[in-house]
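First the structure, in the form of structure tokens, and then the observations on it.
The values are calculated or read from the model by the stated rules, or taken from the named source; none is laboratory data. All values reported here derive from a predicted model rather than from experimental measurement. Note that each Cβ is placed from the backbone with ideal geometry, even for glycine, and that neighbours are counted across all protein chains shown. SASA here: full protein model, heavy atoms, side chains in, ligands and nucleic acids out. Shrake-Rupley method; radii C 1.70, N 1.55, O 1.52, S 1.80 Å.
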Amino acid sequence: DATKATVSAAGVVTGGNAGSVTITATYSQKSISVTLNVKKVLQSIALSGGTSVAAGSTLQLVTTATYLGAANEIVTTSTTYSSDSSKATVGASSGLVSGVAEGSATITATHQGKTTTVAITVTKAVNSLTMTTAGNATEFDSGATLQLTTTANNVGGSTDNVTTSAVYTTSDAT
């Protein structure tokens, strides 16, 4: 299979895609074969799953390995993880990040000698949201605008104005 290996006229075999390949040599009407295994080569790893977690919550990171000669592979549970900060902890072999306290942490993942990092922001834990309208209005004119204010009510009693960082959608009122 030429996708797995090629062999030159001088007998030099070059590996391609991972897998088993049979090389056959013929000379003077005689043949001999050898089966070789082409191993996949780890090029890099990458982390995905997010970069932010609330204190008291968890975030599952996913580690993907990129190989030369083989398809990418999810290797989350065979990767080791560590955190450089007490603001966020991470399961040593699970990639599950736990937000501990507001701040930041760098999570390091290592798989078969390859390492990558992701910066994690730990946000305040939010109990609830409050939304108000300018002047406490409950109606406004077609074509007009109405300012909303959205407030995060955090664990511990503090509040934050999240008007510009909240995500808004509309739907028909029931």
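Just a few scattered comments:
- Accessible area per residue for the chain, computed on protein heavy atoms with a 1.4 Å probe, is 65 Å².
- The trypsin sites (Lys or Arg not before Pro) of segment 6-61 that DSSP puts in a loop, and whose beta carbon has at most 14 other beta carbons within 10 Å, are 39.
- Share of carbon and sulfur in the accessible heavy-atom surface of segment 1-160 [1.4 Å probe, %]: 52 percent
- Among [x] 1, 9, 18, 22, 21, 15, 8, 4, 1, 0, 0, 0; [y] 1, 8, 14, 17, 18, 16, 13, 8, 3, 1, 0, 0; [z] 1, 7, 11, 11, 9, 8, 8, 8, 7, 6, 5, 4, 4, 3, 2, 2, 1, 1, 0, 0, the entry that matches P(r) over Cα pairs in 5 Å bins from 0, in percent as calculated here: [z]
- The residue among 161, 86, 146 whose Cα reaches farthest toward the positive pole of the charge dipole of segment 86-174, with charges on the beta-carbon of Lys, Arg, Asp and Glu, is 86.
- The accessible-area ordering, largest first, of the residues 118, 41 stands as 41, 118, per a 1.4 angstrom probe.
- Sequence of 81, 168 from largest to smallest accessible area, 1.4 Å probe: 168, 81
- Paramagnetic label zone (point 7 Å from Cα along Cα-to-C-beta, residue 133; backbone N under 20 Å) in segment 145-174: 145-152, 162-164, 166-174
- Chain lengthening between residue 40 and residue 12 when straightened (0.36 nm per residue, less Cα-Cα): 8.2 nm
- Projecting the Cα positions of 69, 53, 36 onto the charge dipole of the chain (unit charges on Cβ atoms of Lys, Arg, Asp and Glu, taken about the Cα centre) puts 36 furthest along the positive direction.
- Heavy-atom accessible area for residue 172, with the other protein chains in place and a 1.4 Å probe, reaches approximately 140 Å².
- A simple charge model with +1 on the Cβ of Lys and Arg, -1 on the Cβ of Asp and Glu and nothing else charged puts the dipole of the chain at about 1080 debye relative to its Cα centre.
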